[in-house]
1. Under 1.5 on a/c is rounded, so check that first for segment 114-231, then, if it is not, pick prolate when a/b is larger than b/c and oblate when it is not; a ≥ b ≥ c are the square roots of the alpha carbon gyration tensor eigenvalues.
2. Just to verify a number: what accessible area does residue 157 come out at with the full protein assembly present, 1.4 Å probe, Å² rounded to tens?
3. Find, among the chymotrypsin sites (Phe, Trp or Tyr not before Pro) in segment 62-166, those assigned to loop by DSSP (not H, G, I, E, B) with at most 16 other beta-carbon atoms within 10 angstrom.
4. Accessible area of segment 82-217 with a 1.4 Å probe: how many percent of it is carbon plus sulfur?
5. With Cβ to Cβ distances under 15 Å as the rule, what net charge do the other residues near residue 203 carry (K, R +1; D, E -1)?
6. After finding the eigenvalues of the alpha carbon gyration tensor for segment 142-208, what semi-axes result from the square roots of 5 times each, listed largest first in whole Å?
7. Run the numbers on the chain and let me know its relative contact order in percent, using alpha-carbon pairs under 8 Å that are six or more apart.
8. Suppose we keep just the alpha-carbon trace of the chain; what are its Rg and Dmax in angstrom?
Amino acid sequence: MAVQSEIAPGSASGFPFLLRYNYYDEKCEDLEGIVWSKMKTIVQLQHNAPAQLLRLMFHDCFIGGCDASILLADRNENGTVEREAIPNRTLKGFNFIDTIKDEIEEACPGVVSCSDILVLATRDGIVLAGGPYYPVLTGRRDSKESFFDNAMAEIPRPNGNISETLRLFSLRGFDERETVALLGAHNIGRIGCQFIRPRLSNFTGTGLPDPTIPPDFLEELRRKCPDDNNTISNMLNDEHPDTARGLSVSIETSLDNHYYKTLMRGRGLLFADQQLMANEKTAAAVTDYAIDDGIIFRTEFAHAMAKLSNFGVLTGSEGEVRHSCSHLNS
């Protein structure tokens, strides 16, 4: 028997339909098997794929809900497209979703939405990166528009202070602890130096470095980020024997709790990350997540990701099921 979601999708239209487990059992019963198989192949070839999909899904769900609007390449009537908003210009992973969609269309044409594929592929990527499994409800539909202006204004900024970060998450129903759990996604992946370098020499226009960066860490970051074109592994701070190899090291696929341990040492790569230690409630969550082998983090990260996956979805006759994830059906 299909199990229904405990929450209605965040749609303003009032459709009574809910997401549920095994939504596609009668129409595409091997859906999750196809996604898992393709993700295993993708991750074998591209170790950073889980981080790329996690960021892609977050940017999609955070703006307008989990409706695959971020995947659209078609322009709105005013000529804008969400994926070209400044916070989205460094997003990657679109090709992975297209690859999975093509495989599913061969097996079950016109049935499975791109929004469901994105949340399923992201969940499987998290598992393949050593993170926790969590069940995903399905039955989402794809948006017929994208949201450029919202993305410009409401994606949390890498240099945002804790008040702004908490405000943006609170507007979407996430409390302080859930916010800290979701930011644990920064455990994996690589960060462009263009997001770090302002902290190193001209913090908030002062012409000086961020005074909260420990001196030894400041020098290390300056060596790793000589210009904006480089990237830094989120594992930079991890005590791993290969870390000394610098920017070429590829150990970005371990979703554990090292992110929180580095914050407690004042060595967050982004200002917004380190700001989690500037608030009593978020700092307490960081401390909890940093202890032992990260069991508390894994449990609460899984719950927060499942909640994010259900945010603001379209269901029933809303939206459409796109044949191509980057284009509207008509």
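1. It is prolate, given that a/c is not under 1.5 and a/b is the larger ratio.
2. That residue has around 120 Å² of solvent-accessible surface.
3. 133
4. 51
5. +2
6. So the three semi-axes of segment 142-208 are 24, 17, 14 Å.
7. Over the chain, the number comes to 26 percent.
8. In Å, with Rg to one decimal and Dmax whole: 19.7, 62.
The values are calculated or read from the model by the stated rules, or taken from the named source; none is laboratory data. If you're wondering where the values come from, they're calculated on a predicted model, not measured in any experiment. Here Cβ is always computed from backbone atoms with ideal geometry, including for glycine, and neighbour counts include all displayed protein chains. Surface accessibility is based on the protein's heavy atoms, side chains included, excluding ligands, DNA and RNA. Shrake-Rupley method; radii C 1.70, N 1.55, O 1.52, S 1.80 Å.
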